[in-house]
Structures are given as C-alpha cells and as structure tokens.
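A short write-up of the structure that comes next.
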Amino acid sequence: MSVGKAARESGIARQTLHEWMESGRARWIYEAEHDVMWLDREEVDRLWHVKRGLKWR
C-alpha cells in the first residue's frame, strides 16, 4: 500500500514513517518504473503493533 495509506492505518505520522523507512526500521518496496514506495500489509500490521508497544507474533 502507499506510504500515506500505511501511515493512516498504522497510526504513525507520514514523516515518521519516511524516517523509519530511511533508517531501516520499516521495510518497504521501491517500484522504480513508477518511482513509488510501497509497504505490504504484513509490515503495516507489524508497525501498528510497534507503535503501541505490543509484541508482534
């Protein structure tokens, strides 16, 4: 999903999410053909848990 949608669904500010992506704290996919960054559903779910201090799996 897009970075904006991932930010909304995880409850993490978009800027923070970009910082986490840059630092490697969040895993993302870059689609060079369209110059777009994506996060998959499982990563967004993991980040939702991280944001709340909950154990992930």
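The values are calculated or read from the model by the stated rules, or taken from the named source; none is laboratory data. This structure is a prediction, so every number in the text was calculated from the model and none was measured. We place every Cβ from the backbone using ideal geometry, glycine too, and count neighbours over all the protein chains shown. Ligands, DNA and RNA are excluded from the accessible area calculation, which covers all protein heavy atoms including side chains. Shrake-Rupley method; radii C 1.70, N 1.55, O 1.52, S 1.80 Å.
Among the residues of the range 30-43, is there at least one that is out of contact with any Asp or Glu (no Cβ under 6 Å at 6 or more places or on another chain) and basic (Lys, Arg)?
Yes, that holds for at least one residue.
So which helices (runs of 4 or more DSSP H) are wholly in the chain and hold at least 2 residues that are of a type in the set (Asp, Glu) and open to solvent by less than 90 Å² (accessible area, probe 1.4 Å)?
Qualifying helices (runs of 4 or more DSSP H): 41-51.
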